[in-house]
Amino acid sequence: MEETNLLLIGKIVGVHGLKGTVKVCSYAESLSAFKPGGLILARDSKSRDKTYVIRWVKPHTRTILLSLKGVDNCDISETLVGFDLFIEKAKRLEPEDGSCYWFDIIGLSVYTTDEKFIGRVESIIPTGSNDVYVVKNNDDEILIPGLESVVKEIDLKQKIMRVDLPEGL
């Protein structure tokens, strides 16, 4: 897989059971990024890469469970804890109209509708009903609900999000 075509979709955070299943903190909005039969690249902190074929994926509390071909016992899966997981950008599904991938939103500059700079989107918290954008500016942090009434515009070309903040934010 070529470096510029890679998309970070998760991190292996633990093992599950004795058969090599790994627990993954997913950065993808849906399990469709972990397509059974698809290739996934695992990279450690020293940029050492290993490529695997995905056997299956299942949701599991706040993580997902992932089975990889060639990872058949807990001794092997334990060596993968801490690895980042990547897929090829070309393999991702296009988002539905009016929606964006999280990786497109993280890093956007956030402005109010009257052009006041608030900060940059550092991360996203899924809450079930709507996402919450964690926006930081130096040491200041603000949580912005991902609601149509608040987020007025997302311009991916200019890397800008415009918001109409509710009272009290």
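Coordinate-derived values only; no laboratory data. For clarity, every value in this text was computed on a predicted model and none was experimentally measured. So basically every Cβ, Gly included, is an ideal-geometry build from the backbone, and we count neighbours across all protein chains shown.
Farthest toward the positive end of the dipole of the chain, out of Gly82, Cys25, Leu108, is the Cα of Gly82, where the dipole comes from beta carbon charges about the Cα centre.
Sort the range 102-163 into rounded, prolate or oblate with this rule: let a ≥ b ≥ c be the square roots of the eigenvalues of the Cα gyration tensor; rounded if a/c is under 1.5, and if a/c is not under 1.5, prolate when a/b is larger than b/c, oblate otherwise. Rounded.
For Val15, the amide hydrogen comes within under 5 Å of the amide hydrogens of Lys23, counting only partners 5 or more places away or on other chains and with H modelled in the peptide plane. For semi-axes √(5λ) of the Cα gyration tensor in Å, the value computed from the atomic coordinates appears in the list (1) 23, 20, 15; (2) 32, 21, 15; (3) 34, 16, 15 under label (3). Using the Karplus relation 6.51 cos²θ - 1.76 cosθ + 1.60 with θ = phi - 60°, the per-residue 3J(HN,Hα) values for the range 33-43 come to 5, 9, 6, x, x, x, 8, 9, 9, 9, 10 Hz, with x marking Gly and Pro.
Taking the Cα centre of the chain as origin and assigning +1 to Lys and Arg Cβ atoms and -1 to Asp and Glu Cβ atoms, the resulting dipole is close to 900 debye.
Antiparallel DSSP bridges in the chain: what percent, to the nearest 5? Intermediate values should be presented prior to the final figure.
On the way: 47 of 51 bridges.
Of all bridge pairs located within the chain, approximately 90 percent are antiparallel.
Residues whose amide H falls under 5 Å from that of Ile118, counting only those 5 or more places apart or on a different chain, are Val110, Tyr111, Thr112, with hydrogens built in the peptide plane.
Ranked by how many other Cβ atoms sit within 10 Å of their own Cβ, fewest first, the residues Thr127, Thr63, Thr79 fall in the order Thr127, Thr79, Thr63.
In terms of other Cβ atoms within 10 Å, Arg62, Arg55, Arg162 run from fewest to most in the order Arg62, Arg55, Arg162.
Only helical runs count toward this figure. For the chain, summing -39,500 (n - 2.57) over DSSP H runs of n ≥ 4 and dividing by all residues gives -1000 deg cm²/dmol at 222 nm.
Grouping the Cα pair distances of the range 3-91 into 10 Å bins from zero gives a pair-distance distribution of 19, 59, 22, 1 percent in increasing distance order. Annotation: amide H-H contacts under 5 Å for Val132 (H modelled 1.01 Å from N, sequence separation of 5 or more, or interchain): Ile125, Thr127, Gly146.
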